[in-house]
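A short write-up of the structure that comes next.
The values are calculated or read from the model by the stated rules, or taken from the named source; none is laboratory data. Bear in mind that the values here come from a model prediction, so they are computed numbers and not experimental data. Backbone-built Cβ (ideal geometry, glycine too); neighbour counts: all protein chains shown. These accessible areas exclude ligands, DNA and RNA; they are computed on the full protein's heavy atoms, side chains included. Shrake-Rupley method; radii C 1.70, N 1.55, O 1.52, S 1.80 Å.
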Amino acid sequence: MFKRRWLLCSLLTFLVSLHAAALSSQEVNLPEKARASGMTLYWDPLSLSGILEKNGHQISFQSGASFIMKDFRTIVTEKAPYLKDGGLVASVSFFNEAQEFFQQELPPESSGDAEAMDIPAASASYGIGAIVIDPGHGGKDPGAISPSPVTVNGKKVSVMEKDITLKIGLRLYDALRVAYPGKKIIMTRKDDTFVSLQQRTEIANGVKLKDDEAILYLSIHVNSSFDKNASGYEVWYLTPEYRRQVTNADEMEDKTLGNIINSLVEEEYTTESILLANFIQNGINTQVGKLSKARGLKAENFAVVRNAMMPSILIETGFISNEKEAELLVDDGYLKKMSLGIYNGLQAFITHFERTRGFTSTR
């Protein structure tokens, strides 16, 4: 997601072929030992990756890998902490070495390997630099249309998907601009204009970011079904089986290594997309309550999701083909709840990610 983490993936992948050093047969419970020693341990159970932090230093690792990285600079070819019987353990030698490393004074000295690879110093903070809001359809493309007119202010009107998605998108845009004045909040359309699928993803993929910034993509839609009783909201992410070219690793001379790097970054995007989808679904559920049901998280190869080279999700806010739900989707009070639910879920994800760099603290 971040350039720095991308560089980390490339270095770690490059070292997979190296032989691991002999390990001590003794093991320690890493969360317990880290807590007792004043270390902060972040752990992501989906990607099986972790970070140890103390005194401004950090050690990054992946479960059972034959390498670790210190402050994104020093490379150590020892077996990283690993899962055993449901718990995270580490060798005594690894833990002792970590303690010695954390006692170093700041700033850490650069290693020859780091300079050769042109790795920047570890940033003090990581953050979401931009959020792209994509209200589906627009202009000549109305999207789904209610099969029967709905009464609005005493008048019978046809409900069109493009109108609902724009209202939700604009509410979300206004809220995010107030909450995050330092972030780029971008709309693929702000009025009833047509924007092609290619243009939507080009807008997102063209956003300029700093090295320590990431970008998120949210596409907002309304569902429809031949089954008039179908109802509820869904949050979709790109199916993990679908592979995108999300890096410029294909330009590397070593094509095999380039493919591995791309796969690692793609898996990271998928993990973050699932986490984002879950946060947003929970946010909507809290606001909407019993007015509409959660249909769960789902995976699909939607064009706008698979072509956005970043963590991306698609939100289906309800079924316009359901008469009762169509009435909800034209109600300003309900749209406010839906928009607030998406906003709260997104804010929870950003807070979680920026505090833990995408990991879960075990402290």
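Just a few scattered comments:
- Meets criteria (assigned to a loop (DSSP other than H, G, I, E, B), at pLDDT 50 or above and open to solvent by less than 40 Å² (accessible area, probe 1.4 Å)) for Ser273: no
- In the set (1) at pLDDT 75 or above; (2) within 17 Å of Ala214 (Cβ to Cβ); (3) out of contact with any helix residue (DSSP H, G or I) (no Cβ under 8 Å at 6 or more places or on another chain); (4) not polar (S, T, N, Q), Phe279 fails one condition alone, (3).
- Residue selected from the range 21-46 under the condition within 23 Å of Thr271 (Cα to Cα) and touching a Phe, Trp or Tyr at 6+ places or on another chain (Cβ under 9 Å), by the criterion modelled with the highest pLDDT: Pro31
- Of all residues in the range 194-209 being in contact with a strand residue (DSSP E or B) (Cβ under 6 Å, 6 or more places away or on another chain) and open to solvent by 40 Å² or more (accessible area, probe 1.4 Å), the one that is nearest to Ser146 (Cα to Cα): Phe194
- Qualifying residue in the range 228-235 (condition: modelled with pLDDT of 90 or more and open to solvent by 30 Å² or more (accessible area, probe 1.4 Å)): yes
- Selection from the range 175-185 of residues that are touching a strand residue (DSSP E or B) at 6+ places or on another chain (Cβ under 8 Å) and either surrounded by 18 or more Cβ atoms within 10 Å (Cβ to Cβ) or of a type in the set (Phe, Trp, Tyr) (or both): Leu176, Tyr180, Lys183, Ile185
- Scanning the range 93-133 for residues that are modelled with pLDDT of 50 or more, assigned to a loop (DSSP other than H, G, I, E, B) and open to solvent by less than 40 Å² (accessible area, probe 1.4 Å) yields one hit, Tyr126.
- Search result, residues across the range 177-225 that are closer than 21 Å to Lys140 by Cα, small (Gly, Ala, Ser) and either part of a helix (DSSP H, G or I) or touching a residue at least 40 places away in the same chain (Cβ under 8 Å) (or both): Ser219, Ser224
- Single condition Thr77 does not satisfy, out of (1) hydroxyl-bearing (Ser, Thr, Tyr); (2) within 19 Å of Phe353 (Cα to Cα); (3) modelled with pLDDT under 75: (2)
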